[in-house]
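The values are calculated or read from the model by the stated rules, or taken from the named source; none is laboratory data. From a predicted model like this one, the values you see are computed outputs, not experimental measurements. All Cβ positions, glycine included, derive from the backbone under ideal geometry; neighbour counts span all protein chains shown. Accessible surface is based on the protein model in full, side chains and every heavy atom, while ligands, DNA and RNA are left aside. Shrake-Rupley method; radii C 1.70, N 1.55, O 1.52, S 1.80 Å.
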2 protein chains.
Amino acid sequence: MNTTSQTARRIVVVGGVAGGMSFAARARRLDESAVITVLDRGRHVSFANCGLPYHLDGEIAEESALTLRTPESFRPSGIDVRTGHDVVALDPHARTVTVEISGDGGPRTETIAYDELLLSPGGRTIVPDVEGLAAGFASGRVRTLRTVDDATGLRTDILAARASTAVVVGAGFIGLEAAEALAAAGLEVSLIQRSGQILSPLERELAHLVAEEAARLGIRVLTGRQLRAYRPGADGGDVVVLDDGTELGADATVIATGITPDTEVFAAAGVECDAGAILTDEHGRTSVEHVWAVGDATARPTAVTGATRSTALAGPANRAGRLVADAMLGENARPLPPAQGTAVVRVGSLTAAMTGANRAELDAAGTEYQTLHLHPLQHAGYFPGAEQIHLVVHIGPDGRLLGAQAVGRDGVDKRIDVIATAMRGGLDVADLIDLDLAYAPPYGSAKDPVNFAGMLGENVTSGLVRLWHAAEAADLDGAVVLDVRNPDEVATGTLPGALLIPVNELRDRLGEVFAAAGNDGARPVRILCASGVRSAAAYRIIVQAAAAEGIRLDVATLSGGMLTLRAWYGDDVRNLLAVPEGAAA
Amino acid sequence: MNTTSQTARRIVVVGGVAGGMSFAARARRLDESAVITVLDRGRHVSFANCGLPYHLDGEIAEESALTLRTPESFRPSGIDVRTGHDVVALDPHARTVTVEISGDGGPRTETIAYDELLLSPGGRTIVPDVEGLAAGFASGRVRTLRTVDDATGLRTDILAARASTAVVVGAGFIGLEAAEALAAAGLEVSLIQRSGQILSPLERELAHLVAEEAARLGIRVLTGRQLRAYRPGADGGDVVVLDDGTELGADATVIATGITPDTEVFAAAGVECDAGAILTDEHGRTSVEHVWAVGDATARPTAVTGATRSTALAGPANRAGRLVADAMLGENARPLPPAQGTAVVRVGSLTAAMTGANRAELDAAGTEYQTLHLHPLQHAGYFPGAEQIHLVVHIGPDGRLLGAQAVGRDGVDKRIDVIATAMRGGLDVADLIDLDLAYAPPYGSAKDPVNFAGMLGENVTSGLVRLWHAAEAADLDGAVVLDVRNPDEVATGTLPGALLIPVNELRDRLGEVFAAAGNDGARPVRILCASGVRSAAAYRIIVQAAAAEGIRLDVATLSGGMLTLRAWYGDDVRNLLAVPEGAAA
């Protein structure tokens, strides 16, 4: 381990949050003699950026909880942390950065030399180019939510009752967290999302569940809409105007429309970027010698599709900071893992979590996949508090785990973490069958939701079960729909013209199925039930009986059942379903 | 897929809980034509055996929640479930079992033929051979907790106020769960454990935390004690007498002293067993043709040490039932995974969980290992409700993950499941550094407890940090103890004679350390702090400074710090610690 050196290394870190500070701490452990300087343009370093939304309603009550460390607190470690230091130029040949210094000593410029430079500049919010918005920012009634000052300013306005209406622009993680906190603080909140659904990384059949929860929290969710103008009032009473003409009261507006890497200075100095994000090798090296980079401003290949993209998440940034320090100062450094994209958000009493690739990424990469839907209980059904987890798993034809997402009230983060770990370990979907997970009635089931996903996945990849999907329900073109639920369930609505045979009667009524399909099996049979369990059993009964009688049939079972179908179509499901005559609800 | 046959296969299943019923359900999916018969000696099949303790205090309120399925409910699937059928003989040559039938039709005997036989007999409680206990069983005031009738009988006694004192014999999972429920129901509960600690699979430094919680729940925990006699009272008022003469009021007594495989009948017929447990291959085949076995009554090699043992847990049994059905009736069946031993128990507000091998198993197998102790928070420290997870991880010299255990109030099961999955995926401890786990402040930290375990593990295996352990504290023989905590922490007690230098002053006071160690480093330096984080930083400072000055030192940092040391010694820690003169508490 090369931990000392004759001449002390000068290490300069740009950006004092997440990746930058994690790097600095590890660098100090590896090299006591290095001269480590951290430059940040803001007032705070190492602050709780992921905690900012929770301060708005006082769930995190104290500002001091957000400012985890002061610059002074790094002094005993010999790390020189300088706030109010904005890096405005990089000279890779001279190995210097130029900083503009605000705060004490007034605005001035300084040039700082480095032996090694670590860039962790993060991103800045993409502010929509909308008439009047600049005036809103100037008045302090429009804010991003990127700094401690953003959060405390908004909190102060709320406590002083200067805001009773709020507009949050952008329904990503931060936008949703902010909208919930503002609603919890008693504000009338509108949440604006340009695309057709909230939480765009989440699959639509799960995003719908989250949108319902947001509505339950009192948030007015407006998707497919964007800002047309911001109209400051004379004395407060500002108004946000949407592209469809809707006008929303906006005492406070939060712009959470995503971030763009804050890298112009470094790109101008020759650091290679892609769509603004710094490209690095697997140890954080940029295209420029002695310049390294981590965090939101970097782009790396993703684990599943290999597509290069940036990941604006605190976890990967923090862990990368440590690994890049190892590469710079240690021996046998581990490579940065490809980006896996694990993420989680709390919305009301729901948790939504994801790992790996989603449908959009798989489609963009041309990856072949199938999608499993399950709705297992998070713990033993006989134990109080059992709740469904709505689970979506994408698998390759060979059973490779490509991605997983889940929404539910309890145990969601655990299952996504387990699947994320399985993916990292190279396990395939069938390996999930017998993962040995901790079971006692308060924690899981003897067959855990993850085990169930494995069982269904193996059934599908082995051909034991064949799925059809909610998306096909709008155009089933001549198929026999077989609903194997009980009459009381059917009475809540089914697909028009469905053949109704409860699964427990199916063995005695197979003739009806074969007759409906036509003697030569001319019409495909599309089975459905509530969650997909009984229809899979029905599938096995039908295909075995058909084989025994020499009948060729095209049969499939609805992935995730009516639960998934309803969530897929959302409010539009009313146009799709019918209540059979004589059905008693 | 061979799912139909010309002549219907006769499949007989012995034991209608967990493995047996899981097998039967899968067998039906694979083979519609098979004649499937399930024989169980009890009154219920497919009941919630893991739920029984929670019925005692009404947390699971209704008996009906425990009896998940009736025999009749399997009829539509064509599975013939027969309760009150006790298998008393097996003839593998004739392929028949003989059953003694109780219930309707009175006691009689029948012989049933099979083509394939699945044994899932489970275990029965090992009842200590103690004077008077048989009378207690006869009176109904002594019970095991293996059947629905056991649980409902005890619940009825409690509701009828026939019991105000209880003795639970055996402090394993079921014993602890039962003791907690009885205490919650208002009984005065004593919990007797023959060995020196409760929950014997749990490491002592974690078991101590659980014992404290049990005491907080009002349970009188008596370890190192066993039953000498049971003395029935004239009309109730029974007394349990311990080997040290202690007499305990015992209106109700629960024997939870572990189980032994219930396999005599099958062993007598030539099925090969080891210590009573049926040996199977990786597909559940026994030594006898056409006879298969799953569940608590079987023994299989364990994943970490390879030692053969039985695992009396519902999860592996349920999953094995499915895999053995695949092997019997399907194609390309997956092998049963080696036993990993993941388990979890709730005790009051604590969760204790484990996976892989513990110290005792590693020692017995002669496996070389090191142990990591960590006490990270389960989620971001600045978010309300942050609680420590006490984590123990055993690793091999090469970083192989051998086992992990944890105790805490929240997030414990998740971390053990993640590590269990990592072990299954063949990841080593350093791979845990950058596992991409779901992070938002309510769920975790940017560096998750599992990531921290990876970081510490890599530091240890790479030689960047060297640990010493609580066990050594009783005999440090000439070492310099360096306590790097702050004075207010030191005032709560430290090891006698410790050199006191807060970590933030260490760089300026290294001379004191070197002087104490002797100029030639004659005395080893043993660093400690509260949890092991600051002492690891101190370790890095000292070894780098010593190297820079050419001083050879034997330095180590206390694994898990004072938190682990206190838990290791339990109440005896008072004899070990001193409060330095002048220290202000």
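Checking each residue in the range A:35-46 for being crowded, with 24+ Cβ neighbours inside 10 Å and either under 29 Å from the mean Cα position of the chain (by Cα) or within 11 Å of chain B (Cβ to nearest Cβ) (or both) picks out A:Asp40, A:Val45.
Criterion applied to A:Gly444, A:Gly425, A:Gly403 was being at the interface with chain B (Cβ under 9 Å from one of its Cβ atoms), touching a residue at least 60 places away in the same chain (Cβ under 8 Å) and of a type outside the set (Lys, Arg), and the one residue passing it is A:Gly444. Could you say whether any residue in the range A:64-80 is of a type outside the set (Val, Ile, Thr), modelled with pLDDT of 95 or more, outside any helix (DSSP H, G or I) and buried (at least 23 other Cβ atoms within 10 Å of the Cβ)? No. Within the range B:501-585, which helices (runs of 4 or more DSSP H) (wholly inside it) include 1 or more residues that are without any contact (Cβ under 8 Å) to a residue 60 or more places away in the chain and farther than 15 Å from B:Val480 by Cβ? Answer list for the range B:501-585: B:503-506, B:533-548, B:561-569. In the range A:92-102, the residue that is nearest to A:Ala268 (Cα to Cα) out of those that are open to solvent by less than 60 Å² (accessible area, probe 1.4 Å) and in contact (Cβ under 8 Å) with a residue 60 or more places away in the chain is A:Pro92. Taking A:Ala352, is it part of a loop (DSSP other than H, G, I, E, B), crowded, with 24+ Cβ neighbours inside 10 Å and either among the aliphatic types (A, V, I, L, M) or within 14 Å of another protein chain (Cβ to nearest Cβ) (or both)? In short, no. Can you pull out the residues in the range A:459-500 that are more than 14 Å from every other protein chain (Cβ to nearest Cβ), assigned to a helix (DSSP H, G or I) and farther than 17 Å from A:Arg523 by Cα? Scanning the range A:459-500 gives A:Ala470, A:Ala471, A:Pro487, A:Asp488, A:Glu489, A:Val490.
A count restricted to the range A:226-264 and to residues that are crowded, with 18+ Cβ neighbours inside 10 Å and not in a strand (DSSP E or B) stands at 8.
Under the condition of being open to solvent by less than 40 Å² (accessible area, probe 1.4 Å) and touching a Ser or Thr at 6+ places or on another chain (Cβ under 8 Å), the residues counted in the range A:53-63 number 1. Applying the set (1) open to solvent by less than 20 Å² (accessible area, probe 1.4 Å); (2) away from every other protein chain (no Cβ under 11 Å) to B:Val450 leaves exactly one unmet item: (2). Scanning the range A:367-381 for residues that are surrounded by fewer than 22 Cβ atoms within 10 Å (Cβ to Cβ) and within 13 Å of chain B (Cβ to nearest Cβ) returns A:Leu377, A:Gly381. If the condition is being away from chain A (no Cβ under 14 Å) and acidic (Asp, Glu), then the range B:67-99 contributes B:Asp80, B:Asp86, B:Asp91.
For the range A:239-276, a residue qualifies if it is farther than 17 Å from A:Pro128 by Cα and in contact with a Gly (Cβ under 9 Å, 6 or more places away or on another chain), and the qualifying residues are A:Gly249, A:Asp251, A:Thr263, A:Glu264, A:Ala267, A:Gly276.
To keep it simple, each residue is scored yes or no on (1) in contact with a Cys (Cβ under 7 Å, 6 or more places away or on another chain); (2) open to solvent by less than 50 Å² (accessible area, probe 1.4 Å); (3) within 14 Å of chain A (Cβ to nearest Cβ); (4) within 24 Å of A:Ala34 (Cβ to Cβ).
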{"residue": "B:Ser531", "(1), (2), (3), (4)": "no, yes, no, no"}
{"residue": "B:Ser535", "(1), (2), (3), (4)": "yes, yes, yes, yes"}
{"residue": "B:Ala547", "(1), (2), (3), (4)": "no, no, yes, yes"}
{"residue": "B:Arg552", "(1), (2), (3), (4)": "no, no, no, yes"}
{"residue": "B:Ala556", "(1), (2), (3), (4)": "no, yes, no, no"}
{"residue": "B:Leu565", "(1), (2), (3), (4)": "no, yes, no, no"}
{"residue": "B:Val573", "(1), (2), (3), (4)": "no, yes, no, no"}
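With respect to the stated conditions, B:Asp417 fails to be surrounded by 24 or more Cβ atoms within 10 Å (Cβ to Cβ), within 17 Å of B:Asn459 (Cα to Cα), within 12 Å of chain A (Cβ to nearest Cβ) and of a type in the set (Asp, Glu). Residues that are more than 14 Å from chain B (Cβ to nearest Cβ), within 22 Å of A:Phe266 (Cα to Cα) and part of a loop (DSSP other than H, G, I, E, B) within the range A:291-324 comprise A:Ala297, A:Ser310, listed in sequence order.
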